[in-house]
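Before any comments, here is the structure.
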Amino acid sequence: MKKSLVTKEKIIGRVKQVGAIILGHSENRSWIELCNDGDLMHTKRFELPANATSQIFVEEIPHKSTVFDGPRTMIYLDCGCEIEIVQERNNFIVRGRNLTPEV
């Protein structure tokens with residue numbers, strides 16, 4: 001009988017009212033920066049492990065546009081979202097949910 005594969009997710013962080021996501025890579029380190037939605041530009045930065053062979057996936061986030069300007073990618077969200085970053089093995093997953101009620 002085969003054992004079912006159980007994937008363990010490690011929560012890296014959660015941030016509310018995010019208006020933009022920046023995915024970047026410099027030298028040997030990748031990072032994720034979350035920018036607050038609103039008048040003031042407050043950011044929260046998550047440094048990923050150095051020299052890691054990891055990938056970053058962005059899932060389930062309503063967004064307006066994506067701008068690629070190597071070595072970074074900016075994702076502008078529709079409105080303030082709650083963003084959760086989790087690590088699953090060598091991969092990092094950025095998930096979000098809309099905080100404003102749908103009409």
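Coordinate-derived values only; no laboratory data. If you're wondering where the values come from, they're calculated on a predicted model, not measured in any experiment. For neighbour counting, all protein chains shown are included, and Cβ atoms are generated from backbone atoms with ideal geometry for every residue, glycine included.
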*Between residue 25 and residue 42, how many nm apart are label points set 7 Å from Cα along the C-beta direction?*
3.1
*What length, rounded to one decimal in nm, is gained on full extension from residue 89 through to residue 8, with 0.36 nm per residue of separation minus their alpha-carbon distance?*
28.4 nm
*Mean projection of the alpha-carbon convex hull of segment 9-92 over all orientations, in nm²?*
5.4
